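Here the structure is laid out as structure tokens; the discussion comes afterwards.
The values are calculated or read from the model by the stated rules, or taken from the named source; none is laboratory data. Bear in mind that the values here come from a model prediction, so they are computed numbers and not experimental data. Cβ: placed from backbone, ideal geometry, glycine included. Neighbour counts: every protein chain shown. Protein only, heavy atoms only, side chains kept; ligands, DNA and RNA dropped before computing areas. Shrake-Rupley method; radii C 1.70, N 1.55, O 1.52, S 1.80 Å.
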Amino acid sequence: VYVTVGGMKGTTWVQIVKAVLLMIGACVMTVWVLAKFDFAVSDLLGAAASQSGKGDAFLQPGLKYGATDGWSKLDMISLGIALVLGTAALPHILVRFYTVPDAKAARKSVNWAIGIIGTFYLMTLVIGFGAAALVGSKTIRGADPSGNTAATRLAEHLGGGPGSTGGAVMLAFIAAVAFATILAVVAGLTLASSSSFAHDLYAGVLKRGGTTDAEEVRVARIAAIVIGGVAIALSVFARELNVAFLVALAFAIAASANLPAIVFALFWRRFTKAGAIAGVFGGLISAIVVVALSPIVWGGASETKPAVTLTAAQADKCGVADGSRSVGNPTALVSCTTVAPIPLENPGLISIPVGFLCAAAGTLLTDKRRTDEDDAAFDELEVRALTGVGAH
């Protein structure tokens with residue numbers, strides 16, 4: 001609703017408020033957790049390991065990735081590549097460059113963002129280990145099997161624990177920060193997708209440029225409502241999932257579909273429109289196909305996905321008997337017992353190269369003769385992109 005009413009300005013203010021609240025909340029919790037252990041990081045890590053139920057293995061590689069075979073290690077590499085490359089191509093991040101007056105201000109804002117985001121990521125390490133050490137994995141999973149409430153449970157513990165006034169205040173504050181963060185991200189995604197629909201699909205494809213600015217704004221507002229409604233309906237089915245994999249999927253799609261077009265447009269003189277279209281569709285389709293055939297959708301136990309111990313609720317959901325060893329992922333979207341054809345949970349290792357190959361193939365197969373004006377325009381873009389000269 002507020003994207004429809006407030007547009008870019010309203011979304012920007014929400015994200016500003018979110019950033020301030022998020023950094024305040026994270027700083028308070030980080031300092032508080034460290035103070036509990038007299039700012040001795042080794043004591044924090046030791047307590048987290050002892051409360052995790054995994055012992056020293058909690059601090060070693062292998063619990064999530066690399067524990068069984070090479071596929072698990074490749075999965076970790078796939079996730080890392082997607083997170084690093086996808087950040088540069090997320091549409092709701094790219095759209096923020098339209099809120100600054102010029103290229104120089106854009107570069108300055110990126111430098112500030114890198115510092116703030118990097119600091120926040122470091123603080124999440126302390127918050128995560130703090131939740132494991134002070135709250136305990138058993139308590140966190142008891143409140144939410146997917147583990148999504150770890151930060152709020154830690155805040156409640158720091159404030160005095162369940163039933164205390166301080167605990168209630170801290171829980172409410174961190175929950176509000178989390179909600180504001182969700183709203184800000186959803187607003188950015190809704191704005192990016194609705195404006196893309198109105199400007200690119202409606203005005204560029206359906207109307208072939210024969211629209212006014214007012215008409216595009218009206219279509220964008222309608223698209224925002226429709227996209228928001230669809231997202232809400234889909235989210236109902238993801239209520240019990242650990243949403244971390246959805247984040248990884250978004251980064252993988254951005255790196256597979258958007259990044260090839262961005263990189264080639266900046267650094268390849270011969271890159272064409274057909275190459276951009278081929279890269280976007282090739283990367284998008286390959287990422288979705290890999291995920292559709294992955295353990296995220298098909299959770300049967302295998303050599304690459306060992307069987308896990310199920311709770312009674314998980315066994316009932318999967319339709320198996322208690323003690324069954326046929327389930328590798330009890331939160332699989334379609335089947336808990338069918339083995340996934342592709343053992344990678346993160347598609348980036350496959351879909352990102354496919355996106356670049358499709359973009360290159362589309363360009364080479366449709367290469368056209370370049371004019372002197374095309375070369376001059378590319379030379380100017382290259383100098384500005386690499387040096388900042390001309391960015392007034």
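Modelled label positions at residue 217 and residue 94, each set 7 Å beyond Cα in the direction of Cβ, lie 2.5 nm from each other.
By the rule of a C-alpha distance below 28 Å, with chain neighbours fewer than 8 residues away ignored, the lysines paired with residue 207 are 9, 273, 368.
For segment 2-114, the residue among 33, 62, 45 whose Cα projects farthest onto the positive side of the dipole built from Cβ charges is 33.
Working from label points 7 Å from Cα in the Cα-to-Cβ sense, the residue 307 to residue 8 distance is 5.7 nm. Output the pairs from 73/108; 73/138; 64/138; 64/317; 18/73 with a Cα-Cα distance over 29 Å in this structure; if there are none, say none. Violating the 29 Å Cα-Cα cut-off are 73/108; 18/73. If you take the square roots of the eigenvalues of the alpha-carbon gyration tensor of segment 1-57 and sort them as a ≥ b ≥ c, do you get rounded (a/c under 1.5), prolate (a/b over b/c) or oblate? Prolate is the answer for segment 1-57, as a/c is 1.5 or above and a/b outweighs b/c.
Note on segment 277-318 and segment 135-192: Cα centroid distance 27 Å, given to the nearest whole angstrom. So what is the calculated 222 nm ellipticity per residue for the chain, using -39500 (n - 2.57) for each DSSP H run with n of 4 or more, over all residues, to the nearest 500 deg cm²/dmol? After summing the helix terms and dividing by residue count, I get -21500 deg cm²/dmol. Within the listed set 45, 158, 365, the Gaussian network model of the chain (springs between alpha-carbon atoms below 10 Å) gives the highest mean-square fluctuation for 365. Look at where the Cα atoms of segment 324-370 and of segment 10-85 average out, and the two centres are 26 Å apart. Cysteines in the chain lacking any other cysteine Cβ under 4.7 Å from their own Cβ: 27, 358.
Near the amide H of residue 327, within less than 5 Å, lie the amide hydrogens of 301, 308, all on another chain or at least 5 residues away, with H placed in the peptide plane.
Amide H to amide H distances under 5 Å link residue 160 with 167, where only residues 5 or more positions off or on other chains count and H is placed in the peptide plane. GNM on the chain, alpha-carbon springs under 10 angstrom: the most fluctuating residue among 51, 15, 60 is 60. Sequence-ordered 3J(HN,Hα) estimates for segment 335-342 from the Karplus curve with 6.51, -1.76 and 1.60 and θ = phi - 60° stand at 9, 8, 10, 7, 6, 6, x, 10 Hz, glycine and proline given as x.
Note that segment 32-39 has calculated 3J(HN,Hα) couplings of 4, 4, 4, 5, 4, 10, 6, 6 Hz, one per residue in order, obtained from phi through the Karplus relation 6.51 cos²θ - 1.76 cosθ + 1.60 (θ = phi - 60°); glycine and proline are x.
Taking θ as phi - 60° and the Karplus parameters 6.51, -1.76 and 1.60, the scalar couplings of segment 283-293 work out to x, 5, 5, 5, 5, 5, 5, 4, 5, 5, 9 Hz in sequence order, x denoting glycine and proline.
What number, in percent, do you get for the relative contact order of the chain if the mean sequence gap of Cα pairs under 8 Å and at least 6 apart is divided by its residue count? Relative contact order here is 20 percent.
Given R0 = 22 Å, the distance between the Cβ atoms of residue 40 and residue 124 translates into a calculated FRET efficiency of 0.70. Counting only protein heavy atoms and using a 1.4 Å probe, the accessible area of residue 221 comes to about 110 Å².
Given +1 at the Cβ of Lys and Arg, -1 at the Cβ of Asp and Glu and no other charges, the dipole of the chain around its Cα centre is 340 debye to the nearest 20. Extending 7 Å from Cα along the Cβ direction at residue 84 and again at residue 316 yields two label points whose distance is 4.5 nm.
No solvent, one uniform scatterer per C-alpha: report log10 I(q)/I(0) for segment 28-149 via the Debye equation at q = 0.11, 0.12, 0.15, 0.20 1/Å, two decimals. Result of the Debye calculation: -0.58, -0.67, -0.93, -1.17.
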